[in-house]
Amino acid sequence: MGSYNQMPPEELRERAQAALASLESCDICPRSCGVNRLEGEQGYCRSGRYARVSSFTPHFGEEPPLVGSRGSGTIFMTGCNLRCVYCQNYDISHLGEGRVVSPAKLAEMMISLADGGCHNINFVTPTHFVPQILEALVEAAAMGLCLPLVYNSGGYDSVETLRLLDGIFDIYMPDAKYGSDAAAKKYSDAPDYTRVMKAAVREMHRQVGPLEVGDDGVAVRGLLVRHLVLPENLAGTAEVVRFLAEEVSPETYLNVMAQYHPCYKAYNYPELSRPITLREYAEAVAVAQAAGLDRGLRI
């Protein structure tokens, strides 16, 4: 059962309405573009009034606690509030591949994934579509949806918006992309990323705590954090690990990811134009292990 199932329907509707009102002068994400998305204006995320979805499907490539035996029901949202030059989903996040969907259609997607046996509903890159997700969730909950919800973001999230999700989302899975703002500015056009990410992760942890799994090994609630190792330690792994271990919780589930490979505009940056080495990955894992963040390590 999802946390939202324990919330009175009228409160869920009020949360959705409050989020939708924020679109009139959009401040849903930290960029606070101020455009009127209710009238179709687009800001940095290139998104308007309605959600855009690239695909929805049971996914078996996520973290094991999400996948279980039946997959994570992923809904890939189009667009993004970051501009990562090495984005592996650039066709979706940068080039806008996807289609506009109504709240009713988005609700039907959730129900379809639930009926297919998925363990959870996993919104990938949901930051700029929080109001639309909540609007659709009102309908999906009325249709009987009762799976945990996963908020799978780039970590560049507004604390104020996250507070609208308190008691609604069960599992948060943000990226902690960088340990320094210099790298965040250069490679993701987010000069204040570390401050924003750290505040967002603290809020996520306040709401759901460390990851909890059931007897079947499937996550039911809590925080998972992803950190992609970049060549030449450009992601600043040591600072990310220090922050999580010391300022969030030593019980934080951290997935140190090795799958970086150059794509999109990465070849324009010599330092990003190669995959990481085994040594670079091993060193990042060792940093996490030394801090006690070994719950999510795949060694």
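The values are calculated or read from the model by the stated rules, or taken from the named source; none is laboratory data. Quick caveat, the model's predicted, so the values are computed rather than measured. Virtual Cβ from ideal backbone geometry, glycine too; neighbours counted across all protein chains shown.
Annotations for the structure displayed:
- Within the range 134-152, considering residues that are farther than 17 Å from residue 57 by Cβ and in contact with a strand residue (DSSP E or B) (Cβ under 7 Å, 6 or more places away or on another chain), the one surrounded by the fewest Cβ atoms within 10 Å (Cβ to Cβ): 148
- Some residue of the range 48-68 being at pLDDT 95 or above, over 19 Å from the mean Cα position of the chain (by Cα), farther than 24 Å from residue 167 by Cα and surrounded by 18 or more Cβ atoms within 10 Å (Cβ to Cβ): yes
- Taking residues in the range 227-250 that are within 22 Å of residue 186 (Cα to Cα), and partners anywhere that are among the charged types (D, E, K, R) and outside any helix (DSSP H, G or I), the pairs with Cβ atoms closer than 8 Å and at least 6 places apart or on different chains are 227/175; 227/177; 228/175; 228/177; 231/274; 235/177.
- Taken over the range 75-107, residues that are touching a residue at least 60 places away in the same chain (Cβ under 8 Å) and of a type outside the set (D, E, K, R) amount to 10.
- Criterion applied to 22, 102 was being over 21 Å from residue 259 (Cβ atoms), surrounded by fewer than 16 Cβ atoms within 10 Å (Cβ to Cβ) and of a type outside the set (Val, Ile, Thr), and the one residue passing it is 102.
- Test: residue in the range 183-205 that is surrounded by 24 or more Cβ atoms within 10 Å (Cβ to Cβ) and not in a helix (DSSP H, G or I): yes
- Any hit, the range 211-234, residues being outside any helix (DSSP H, G or I), of a type in the set (A, V, I, L, M), surrounded by fewer than 20 Cβ atoms within 10 Å (Cβ to Cβ) and in contact with a strand residue (DSSP E or B) (Cβ under 6 Å, 6 or more places away or on another chain): yes
- Selection status of residue 271, touching an Asp or Glu at 6+ places or on another chain (Cβ under 6 Å) and at negative phi: yes
- Considering each residue of the range 155-166 in turn, none proves to be over 17 Å from the mean Cα position of the chain (by Cα) and either surrounded by fewer than 22 Cβ atoms within 10 Å (Cβ to Cβ) or outside any helix (DSSP H, G or I) (or both).
- Qualifying residue in the range 7-15 (condition: within 20 Å of residue 162 (Cα to Cα), touching an Asp or Glu at 6+ places or on another chain (Cβ under 8 Å) and surrounded by 21 or more Cβ atoms within 10 Å (Cβ to Cβ)): no
- Within the range 156-167, not a single residue is polar (S, T, N, Q) and in contact with an Asp or Glu (Cβ under 6 Å, 6 or more places away or on another chain).
- Pairing each residue of the range 10-21 that is closer than 18 Å to residue 37 by Cβ with any residue that is of a type in the set (Val, Ile, Thr) and not in a helix (DSSP H, G or I), provided the two are 6+ apart or on different chains, yields C-beta distances under 9 Å for 15/168; 19/28.
- Within the range 105-118, the set of residues being in contact with a helix residue (DSSP H, G or I) (Cβ under 7 Å, 6 or more places away or on another chain) and buried (at least 24 other Cβ atoms within 10 Å of the Cβ) comprises 106, 110.
- Complete set of residues in the range 235-275 that are assigned to a helix (DSSP H, G or I) and over 21 Å from residue 199 (Cα atoms): 266, 267, 268, 270, 271, 272
- Some residue of the range 42-54 being of a type outside the set (Lys, Arg) and on the phi > 0 side of the Ramachandran plot: no
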